[in-house]
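*Asks:* For reference, the structure I am asking about is given below.
The values are calculated or read from the model by the stated rules, or taken from the named source; none is laboratory data. Quantities reported herein were computed from a predicted structural model and do not represent experimental measurements. Don't worry about glycine lacking a Cβ; one is built from the backbone with ideal geometry, like all the others, and counts go over all protein chains shown. With ligands, DNA and RNA removed, areas are computed over all heavy atoms of the protein, side chains included. Shrake-Rupley method; radii C 1.70, N 1.55, O 1.52, S 1.80 Å.
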Amino acid sequence: MAGVLAQYLPPAALQLAYLIAGILFIQGLRDMTHPRTATRGNQISAAGMFLAVVVTALWFDIVSPLILAAGLLVGGGIGVWLAVTVETTEMPQLVGLFNGFGGGASALVAGAELIDVLAVGDSLTMGLTATAAIAGIIGSVTFWGSLVAAGKLHGLVGDSPVSTNVGHAIKVLFLGAAVVAGLVLVIQPDVLGNSPMASWVPSYWVLVAAASILGIFLVVPIGGADMPVVIALLNSYSGLAAATTGFVLGNTALIIAGTLVGASGLILTVIMCESMNRSLSNVLFGGLGGDDGDSEDMEDIYEGQIQETSPEEVVMLLETADRVVVVPGYGMAVAQAQHAVAELVELLDEHGVDVEFGIHPVAGRMPGHMNALLAEADVPYDKMRELEEVNPTFSQTDVAIVCGANDVVNPRANEDDGSPISGMPVLNVAEANTVIVNKRSLSPGFSGIPNPLFARDNTSMLFGDAKESMQDLVNDYKEATD
């Protein structure tokens with residue numbers, strides 16, 4: 001039914017509004033490619049989505065204005081509350097949930113459209129049912145897969161107790177069930193339209209149920225080290241689901257937005273896989289070690305080789321250093337140490353030390369996690385260096401400070417062909433003159449393997465909480481330089 005705007009404007013006005021929204025999406029995505037303009041990019045993209053939502057709501061008489069306003073108010077309020085209250089360390093979980101909500105919404109909207117078409121007495125066309133089936137499968141997989149991913153990131157979901165072969169069999173079974181249900185929906189729309197249960201489009205909901213179980217079993221076996229890849233892939237899935245739902249509804253803005261998200265998420269997934277030197281199939285169907293590591297191997301590597309240091313000794317090194325590189329990791333994020341690290345870097349900079357950050361693409365729990373943390377602490381963007389930029393400079397670095405990172409600085413990636421992380425590009429901090437590793441203990445990273453870096457002759461371990469350790473360095477450096 002026609003809404004307020006449709007009564008006064010020509011049909012072309014709706015498509016023009018969608019085109020403007022699409023342009024804003026593209027410009028926003030372009031700005032988000034650089035940390036300096038990322039905030040503006042988010043704002044531009046949000047403005048585009050706001051325009052698309054408002055125009056759609058006013059053009060079509062979908063629900064009463066009061067219900068619509070209440071929905072926007074509640075949804076917007078929840079979004080603002082989450083954005084304000086969720087800690088940066090928990091942002092990966094929130095991103096995972098948002099991916100899931102997008103996929104779930106797409107599946108529900110596609111199903112609702114089928115019901116709506118039947119409710120007004122129209123027949124289900126093959127084009128409509130085919131796109132609805134695709135949206136239902138992708139959206140359901142995304143929703144439940146994202147919930148599992150968020151649960152694993154938050155420590156609520158462990159690895160699957162089901163064996164690999166059984167797990168693969170379950171995936172094939174439910175994928176087949178979803179596809180068969182989709183084929184029934186596509187091939188027999190007239191039969192469904194004449195069925196007493198037509199208003200519920202039963203085969204569509206069978207499809208949704210099967211795809212939901214598939215989504216759970218796709219993500220449960222994947223280890224924590226692969227979560228950056230999984231988050232990026234689920235982001236792509238949510239975009240593809242939205243784009244397909246756009247075809248179901250004939251909504252140009254949704255098609256554009258979904259396609260952009262799907263394509264950018266897929267590109268990011270490829271980048272993440274290359275950063276880990278792994279194929280996507282290996283991430284989805286393989287493992288990356290356990291969480292406990294090999295205790296005997298750890299003893300062989302670490303016994304009698306570990307050199308401990310103190311904040312006072314590290315400050316003495318920093319006083320004579322000309323170049324320092326800080327490598328942040330998930331330990332820094334958990335301890336919320338980014339502000340103390342930023343203060344230390346600022347002090348070094350004031351005393352003429354050339355100091356930069358070396359950031360690995362998969363450090364943390366999602367792509368760009370370390371960049372977001374450092375930006376939160378007002379670290380200048382020109383001090384953040386990606387792996388390719390900073391690696392050639394480690395040989396000219398006096399002190400490398402590794403704050404809570406592990407696998408991304410593990411030299412076994414380059415030296416041990418049998419290692420689970422063999423071939424994975426890592427930050428070559430071992431080439432620095434002195435390496436300071438700040439960790440709570442010698443426990444392995446997500447790969448579950450020991451790190452020979454900790455036992456190198458030029459490495460000293462600064463054991464302790466990252467925030468407290470970095471703040472001690474700040475205080476001692478201030479005293480030493482006053």
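*Asks:* Label points 7 Å out from Cα along the Cβ direction at residue 388 and residue 50: separation in nm?
*Replies:* Inter-label distance under the simple model: 3.6 nm.
*Asks:* Specify the longest stretch of the chain that does not include any exposed loop site, a site being one of the GluC sites (Glu not before Pro) with a non-H, G, I, E, B DSSP assignment and at most 12 other Cβ atoms within 10 Å.
*Replies:* Values: sites that count: 87, 303.
Formally, the longest exposed-site-free interval is 88-302.
*Asks:* Expressed in nm to one decimal, what extension gain is obtained for the pair residue 457 and residue 267 from 0.36 nm per residue of sequence separation less their Cα-Cα distance?
*Replies:* Values: separation 190, 0.36 × 190 = 68.40 nm, distance 3.98 nm.
Residue separation times 0.36 nm, minus the Cα-Cα distance, leaves 64.4 nm.
*Asks:* Taking R0 as 60 Å, what FRET efficiency do you get between residue 310 and residue 78 from their Cβ-Cβ distance, rounded to the nearest 0.05?
*Replies:* According to the calculation, E is roughly 0.80.
*Asks:* Okay, moving on. May I ask what percent, to the nearest 5, of DSSP beta bridges between residues of the chain are antiparallel? Working shown, then result.
*Replies:* Details: 1 of 24 bridges.
Percent antiparallel among DSSP bridges in the chain is about 5.
*Asks:* Restricting to Cα pairs below 8 Å that are 6+ residues apart, what does the relative contact order work out to for the chain? Please round to a whole percent. Working shown, then result.
*Replies:* Values: 842 pairs, mean separation 67.5, N = 482.
Once divided by the residue count of the chain, the mean separation gives 14 percent.
*Asks:* Let me ask something else. First measure r as the distance between the Cβ atoms of residue 154 and residue 7, then evaluate 1/(1 + (r/R0)^6) with R0 = 56 Å and state the FRET efficiency to the nearest 0.05. Spell out each step's value before the answer.
*Replies:* Values: r = 48 Å, r/R0 = 0.86.
Efficiency, from the Cβ-Cβ distance: 0.70.
*Asks:* A follow-up question, please. Using just the helices of the chain, give the 222 nm mean residue ellipticity in deg cm²/dmol: DSSP H runs with n ≥ 4 each add -39,500 (n - 2.57), and the total is spread over all residues, rounded to 500. Spell out each step's value before the answer.
*Replies:* Working: 20 runs with 298 residues, N = 482.
So the calculated ellipticity at 222 nm is -20000 deg cm²/dmol.
*Asks:* Would you list the membrane-span-like helices of the chain, meaning whole DSSP H runs whose alpha-carbon atoms span at least 15 Å along their axis and whose mean Kyte-Doolittle value is at least -1.0? Provide the component values of the computation, followed by the final result.
*Replies:* Working: long enough: 11-31 (31 Å, 1.13); 35-59 (36 Å, 0.65); 65-85 (29 Å, 1.94); 91-119 (41 Å, 1.17); 126-153 (40 Å, 1.37); 164-187 (34 Å, 1.95); 202-219 (26 Å, 1.97); 227-249 (32 Å, 1.48); 252-275 (34 Å, 1.79); 338-350 (18 Å, 0.21); 466-481 (22 Å, -1.13).
The answer, listed by residue number, is 11-31, 35-59, 65-85, 91-119, 126-153, 164-187, 202-219, 227-249, 252-275, 338-350.
*Asks:* For the chain, with all protein chains present and a 1.4 Å probe, just round the carbon and sulfur fraction of the accessible area to a whole percent.
*Replies:* Values: 13950 of 22210 Å².
Here carbon and sulfur together make up 63 percent of the probe-accessible area.
*Asks:* For labels at residue 381 and residue 39 in the simple 7 Å Cα→Cβ model, what's the distance in nm?
*Replies:* So the two model labels end up 1.1 nm from each other.
*Asks:* Determine the shape class of region 203-264: with a ≥ b ≥ c the square roots of the Cα gyration tensor eigenvalues, call it rounded for a/c under 1.5, and otherwise prolate if a/b is greater than b/c, oblate otherwise.
*Replies:* On the way: a/c = 5.89, a/b = 1.31, b/c = 4.50.
Taking the square roots of the gyration eigenvalues as a ≥ b ≥ c, region 203-264 is oblate.
*Asks:* In the chain, what is the count of Lys pairs whose alpha carbons are under 29 Å apart, counting only pairs at least 8 residues apart or on separate chains?
*Replies:* 9
*Asks:* If you don't mind, there's one more thing I want to ask. Pop a pseudo-label 7 angstrom from the Cα along the beta-carbon direction at both residue 351 and residue 172 and give the gap in nm to one decimal.
*Replies:* Result for the modelled spin labels: 6.3 nm.
*Asks:* Next up: Leaving out ligands and nucleic acids, note down the accessible area per residue over the chain with a 1.4 angstrom probe, in whole Å². Walk me through the numbers on the way to the answer.
*Replies:* Details: 22210 Å² over 482 residues.
With all protein chains present, the chain gives 46 Å² per residue.
*Asks:* For residue 284 and residue 180, what does the FRET efficiency come to when R0 = 22 Å and r is the distance between their Cβ atoms, rounded to the nearest 0.05?
*Replies:* The value I calculate is 0.50.
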